[in-house]
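Here is the structure we will look at, set down as structure tokens.
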């Protein structure tokens, strides 16, 4: 079986990481080919054939339309050349291109698209395009039940929808913990793109109310970094907050952290929660749409906080910093829960869908 995967790029992101993990599993039994809008700055390396559509994202509205035309035109040519048994696309921009390309190449019945985020936060044009085009695919895969309900409300047919959670790769080994993290005090970890939807300004506000014996470590980059650094200065906590940028390997940071904090306004499926749990790192998260409540049970394997309640978030952080028994309980149960989403289990669910 030949599988052709379309995605914008292989930069550092949740969807990209999921694809890199799954493709490694699939290529042991299938022929896997990637097709990217842009092959530059690859963060995840896949050992397989890659086509470049030479149509990187543009800000200018004219070039955006031109890019879509180029992407669809080049993609349908690749479809005709490779004649894959299945086509899989990840993320909204790739989904639209894959549907149109498959229509022109008469491959629509071979197409599986994967929706990764909350469409309610996209423009009305994107939502209308999704309603019009998504039902033309063979199957629409989503990582969470919450996202499934959202798509149902947006006119996607129930029989088209399939929930397959994102996987997590287990690499935990306590003996691997190295002394290469130059952080002397206990620290709270925050991982993700420094963008508005991640709500990191709420985490900084909440963290500023804690005592001076703990630090906050951000791993990631993004357009909000300057604003977040300025906020730290205004709150006089800049010496207690570290911005480390993108890092390839986070295992030592997860292992060393007191806990991971997630303050997003919305998610599709927060991979960082499972990554932290796979390293026995407890998680405190706002109960946002979608994902946290499907992964975590409050005070059993994590702590869920009412959306936007910064005062309560601070209180829960204080509790988890000081209560070693609670920390030990959540750490143990988090690791156990993460095993439900191991790579082999999730890959088998995908392979079953591909066989069908």
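Quick notes
- Burial order of peptide ranges 211-223, 96-108 (average beta-carbon count within 10 Å, highest first): 96-108, 211-223
- For the chain, convex hull volume per residue from C-alpha positions, Å³: 138
- At q = 0.08, 0.11 Å⁻¹, base-10 log of I(q)/I(0) for segment 174-341 (Debye sum, equal scatterers on each alpha carbon): -0.20, -0.39
- Theoretical FRET efficiency, 1/(1+(r/R0)^6), r = Cβ-Cβ of residue 226 and residue 170, R0 30 Å, to 0.05: 0.25
- Every pair of different Cα atoms in segment 2-163 enters the Kirkwood calculation, which places the hydrodynamic radius at 15.9 Å.
- Ranked 123, 195, criterion: other C-beta atoms within 10 Å, fewest first: 123, 195
- Selected from 286, 170, 65 as most flexible by GNM, with the chain as the system and alpha-carbon contacts under 10 Å: 65
- Stretch gain in nm, segment residue 135-residue 336, where the contour uses 0.36 nm per residue and the Cα spacing is subtracted: 68.7 nm
- Computing FRET efficiency as 1/(1 + (r/R0)^6) for residue 239 and residue 322, where r is the C-beta to C-beta distance and R0 is 22 Å, gives about 0.50.
- Across segment 125-143, the residues whose backbone nitrogen lies under 16 Å from the label position 7 Å along the beta-carbon direction of residue 109 are 136-139.
- One decimal place: the segment residue 356-residue 247 gains 35.4 nm when fully extended, by the rule 0.36 nm per residue minus the C-alpha distance.
- Taking the helices alone, the chain has a mean residue ellipticity at 222 nm of -12500 deg cm²/dmol, built from -39,500 (n - 2.57) per DSSP H run of at least 4 residues and averaged over all its residues.
- Percent breakdown of C-alpha pair distances by 10 Å bin, ordered from the shortest bin, for segment 104-259: 9, 27, 24, 23, 14, 3, 0
- In degrees, nearest ten, helix 343-355 long axis to first principal axis of the chain (Cα): 20
- Here residue 158 and residue 121 are evaluated by their C-beta separation; at R0 = 25 Å the FRET efficiency comes out at 0.65.
- Alpha-carbon spread of segment 179-261, three principal axes, descending order, Å: 32, 27, 17
Readers should treat all values here as calculations from the given coordinates under stated rules, not as data from a laboratory. This one's a predicted model, so the numbers in the text were calculated from it and none came from an experiment. Cβ sites come from the backbone with ideal geometry, for glycine too, and all protein chains shown count toward neighbours.
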